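The numbers here are math on the coordinates, done by the rules we state, and not lab data. Keep in mind that this is a model prediction, so the values were computed, not measured. Here Cβ is always computed from backbone atoms with ideal geometry, including for glycine, and neighbour counts include all displayed protein chains.
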Amino acid sequence: MIVIDHSKLQEIVAAYKMATFSDDHMNRLFEKFVLEYYRYHFPKLSAYPDQISWDITDRDTAAIDFLPSMKTDITLHKGDRTLIIDTKYYGRMMQEQFDKQTIHSGNLYQIFTYVKNLDSGNTGNVSGMLLYARTQEGIAPDLDAHFGANRIMVRTLDLNCDFSLISKQLNYVVEFVLN
């Protein structure tokens, strides 16, 4: 039997700090969970991260080299319909702007840009969704709007419940948007 006195135990704990999950790690885990859920439960859907090209008329311009790449977290295809899902895992889902709770503007601009550049023909067959992991905040973003011909939604996924309820929430996304 090994006996470690209290002071020695504190030294050992201080020497070996446990790794913690940052918001970035949790965001990546959340993204992979949602992607793999759709791959497993909806094998007839095409589900993968996608690279979107900028809808620039003059492709020979040197300016394209200075534009950031657009890589989706999750792109779901069913026939001619596409849903781009950008997953977000934050401690706070909302930002405060001018004493008002709003959706993170950068996130909304990002999904809008993805959708509009992928649907360069303005067919309306491309939709976008910001999917936040639910937090303890009193307010959860909920948006369903058409920007021109394209639908953009903001939803939350409650992970603090039985898996059957999580599954129901994720299934609803596919059934509601891609059918």
Exercise for the section: Please work out how many pairs of lysine residues in the stretch 24-89 are eight or more positions apart (or on different chains) and have Cα atoms closer than 16 angstrom. Expected result: 4
Completion exercise
Expected sort for 156-169, 68-81 on mean C-beta neighbours within 10 Å, highest first, is 68-81, 156-169
Completion exercise
Length gained, S105-D58, 0.36 nm per residue minus C-alpha separation, equals 14.1 nm
Problem - Where labels lie 7 Å past Cα in the beta-carbon direction, separation of L67 and N125 in nm - result: 2.1 nm
